[in-house]
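Chemist: Got a structure here, written out as structure tokens. Questions coming.
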Amino acid sequence: MKKIALHWKILIGMILGIVFGFIMTSIAGGKDFVSDWIKPFGTIFINLLKLIAVPLILASLIKGISDLKDISKIKKMGLRTIIIYVMTTVVAIVIGLSIVNVVAPGNGMPQETIEKIKERYSSSADVTDKLDKAKAQNDAGPLQSLVDIFPSNIFKSFSEAKMLQIIFFALFIGISLLLIPEKKAKPLVRFFDSLNEVIMKMVDLIMLFAPYAVFALLANVIVAFDDTEILLKLVAYSACVIAGLLLMVIFYMILIAIFTKKSPVWFLKQISPAQLLAFSTSSSAATLPVTMERVEEHLGVDKEVSGFVLPVGATINMDGTSLYQAIAAVFIMQVLWPEGLTFTNQLLIVLTALLASIGSAAVPSAGMVMLVIVLETVGFPAELLPIGLALIFAVDRPLDMCRTTVNVTGDATVSMIVAKSLGKLRDPKPKDWDDLYDKVKG
């Protein structure tokens, strides 16, 4: 009997999770049952992915850099990666602004709806938390993002999963290995090569649990929705975001076809498990081990490219988030501050959303924190900020799931383009978790 492909298993788990979640919302005590007995399995899965993310980045990047044998190649790869990431982010923001200005979902929103949303969300702890985090980020100096790249304690960076600091440390080790005699560097290179293989096998094993985990994650998301009326009122805004994200995926497919000469359909099929996990977890950082495994083994990108491009992308390439910020900012201004929608302010949104995406953490709902910074930059009245966040808060989680999927797709797209430009794109060689099982099962 033919095995069911992993992406189909995950998709089935997602659909069953959504159906189960809706059933539980109509049963007395159903929400508590999901929270107590179903959600923990999703949490365990995410914890396992986070567990291997740091050692995978460290091993993959150090091995990849040491294999380059030439420091100038690191500069070339890094420069191309950053330039392409910036270009795709600008395209995402422009797409978002174009859609929201044409559709204008905020125009004509009934005042009673605004009042209900304000009453329901503007003073909530979650909204207040986002405002506090944005204030803390604003209060930091202009070069704080640069300072944050350089760790003072790498073990603390490991424990807090600070990606840019880990990438810097791995690059530092990799470059240093190139600058010492090959004979002395070889044992450490072999260690990280072996560690990388072990971690990749752990990814395969963890993914066996993925269909059940996404069932738990999606069921919990569904029972968390508690105001369908407000969700329906925000359907036009949500449709703008989703349409923009779909256009961004089409843009990626065009890039894949033009620059890598690969079939866009084939690309989507190979990367789909990572996309589905990104949708379920709303975290590109948690999805990173799976993204790296799919890109290396199923898309054929050499690990020296994927080990650098993907961790950097999970930290600074937030195309979906940037597109969302552009649409959300203009939508909020259309509803609450239409006089602020000047051409100059829209240019400021492009610039600020681009810079904010670089500093945006790869965790759920980080985009809303960055949105506050975008709004403050264009002079949005401070007293209206809680109401502005409240306007979109009800639909933030489902849209966060969608934009994280686009973030991960963008990372994979750029890794393929960079690999192709460096001659590091080869024929895929996928591995299964049980390749050597017959030899060890006894």
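Chemist: Which of 260, 409 comes first, and how do the rest follow, when ranked by fewest Cβ neighbours within 10 Å?
Modeler: 260, 409
Chemist: Dipole magnitude of the chain about its Cα centre, charges +1 at Lys/Arg Cβ and -1 at Asp/Glu Cβ only, in debye to the nearest 20?
Modeler: 1720
Chemist: Still on this structure: Any lysines with Cα under 20 Å of the residue 75 Cα? List them, leaving off those in the same chain fewer than 8 positions away.
Modeler: Residue 75 reaches 63, 303, 420, 424.
Chemist: Can you give the FRET efficiency to the nearest 0.05 for residue 184 and residue 254, using r as the Cβ-Cβ distance and R₀ = 60 Å?
Modeler: About 0.80, to the nearest 0.05.
Chemist: How would you rank 401, 87, 253, going from fewest to most other Cβ atoms within 10 Å of each one's own Cβ? Display every interim value, and only then the final one.
Modeler: Details: 401 20, 87 12, 253 17.
Arranged by neighbour count, lowest to highest, 401, 87, 253 become 87, 253, 401.
Chemist: What length, rounded to one decimal in nm, is gained on full extension from residue 5 through to residue 129, with 0.36 nm per residue of separation minus their alpha-carbon distance?
Modeler: 40.6 nm is the gain from fully extending residue 5 to residue 129.
Chemist: Now for a different question. Add +1 for every Lys or Arg and -1 for every Asp or Glu among the other residues with Cβ under 13 Å from the Cβ of residue 426, and state the total.
Modeler: Value of the local net charge: 0.
Chemist: Starting from 0.36 nm per residue, how many nanometres of slack lie between residue 208 and residue 351 once their C-alpha separation is accounted for?
Modeler: Difference between extended and current length: 47.3 nm.
Chemist: Right, next: Could you tally the net charge around residue 38, taking each other residue with its Cβ under 11 Å from the Cβ of residue 38, Lys/Arg +1 and Asp/Glu -1?
Modeler: Residues close to residue 38 contribute a combined charge of 0.
Chemist: With a 10 Å Cβ neighbour count serving as the proxy for reagent exposure, in which order, fewest first, do 160, 297 appear?
Modeler: 160, 297
Chemist: For the stretch 243-372, just say rounded, prolate or oblate: build the C-alpha gyration tensor, square-root its eigenvalues into a ≥ b ≥ c, call rounded for a/c under 1.5, and beyond that prolate if a/b exceeds b/c, oblate if not.
Modeler: Because a/c hits 1.5 or more and a/b exceeds b/c, the stretch 243-372 counts as prolate.
Chemist: Straight distance only, please: which lysines reach the Cα of residue 130 with their own Cα at less than 17 Å, same-chain residues fewer than 8 apart left out?
Modeler: Residue 130 reaches 118.
Chemist: Return the loop-located trypsin sites (Lys or Arg not before Pro) in the stretch 227-273 (DSSP other than H, G, I, E, B) with at most 14 other Cβ atoms within 10 Å of their own Cβ; answer none if there are none.
Modeler: On the way: sites: 233, 261, 262, 269; in loops: 261, 262.
For trypsin sites (Lys or Arg not before Pro) across the stretch 227-273 that sit outside H, G, I, E and B with at most 14 neighbouring Cβ atoms in 10 Å, the list reads 261.
Chemist: Quick one: check the C-alpha center-to-center distance for the stretch 364-408 versus the stretch 1-79, whole angstrom.
Modeler: If we compute the Cα centre of each part, the gap is 24 Å.
Chemist: Also, quick follow-up: Output the pairs from 201/262; 69/261; 9/269; 50/76; 201/431 with a Cα-Cα distance over 20 Å in this structure; if there are none, say none.
Modeler: Long pairs (Cα-Cα over 20 Å): 201/262; 69/261; 50/76.
Chemist: Could you check the simple spin-label distance between residue 114 and residue 197, using points 7 Å along Cα→Cβ, in nm with one decimal?
Modeler: Reported label-point gap for residue 114 and residue 197 is 6.4 nm.
Chemist: Using a Gaussian network model of the chain with C-alpha springs under 10 Å, which one of 92, 185, 134 is most mobile by mean-square fluctuation?
Modeler: 185
Chemist: Order of 27-37, 282-292, 300-310, 65-75 by packing, highest average Cβ count within 10 Å first?
Modeler: Ranking, from highest mean packing down: 282-292, 300-310, 65-75, 27-37.
Chemist: Can you list which of the GluC sites (Glu not before Pro) found in the stretch 55-150 are DSSP loop residues with at most 14 other C-beta atoms within 10 Å?
Modeler: When the GluC sites (Glu not before Pro) of the stretch 55-150 are filtered for loop state and at most 14 Cβ neighbours within 10 Å, nothing remains.
Chemist: Roughly how many whole Å is it from the C-alpha centroid of the stretch 306-335 to that of the stretch 173-240?
Modeler: Cα centres, the stretch 306-335 to the stretch 173-240: 18 Å.
Chemist: Ignoring solvent entirely, what values of log10 I(q)/I(0) come out of the Debye formula for the stretch 75-198 at 0.13 Å⁻¹ when each Cα is a single scatterer?
Modeler: Debye intensities relative to I(0), on a log10 scale: -0.93.
Chemist: Still on this structure, please answer the following. Sticking to Cα atoms, compute the Rg of the stretch 6-430 to one decimal and its Dmax as the biggest Cα-Cα distance, whole number, in Å.
Modeler: 21.6, 73
Chemist: I'd like to know which of 185, 102, 56 lies farthest towards the positive end of the charge dipole of the chain, counting +1 on Cβ of Lys and Arg and -1 on Cβ of Asp and Glu.
Modeler: Comparing the listed Cα positions along the dipole, 185 ranks first.
All of the numbers you see were taken from the coordinates with simple rules; none came from a lab. Keep in mind that this is a model prediction, so the values were computed, not measured. Here Cβ is always computed from backbone atoms with ideal geometry, including for glycine, and neighbour counts include all displayed protein chains.
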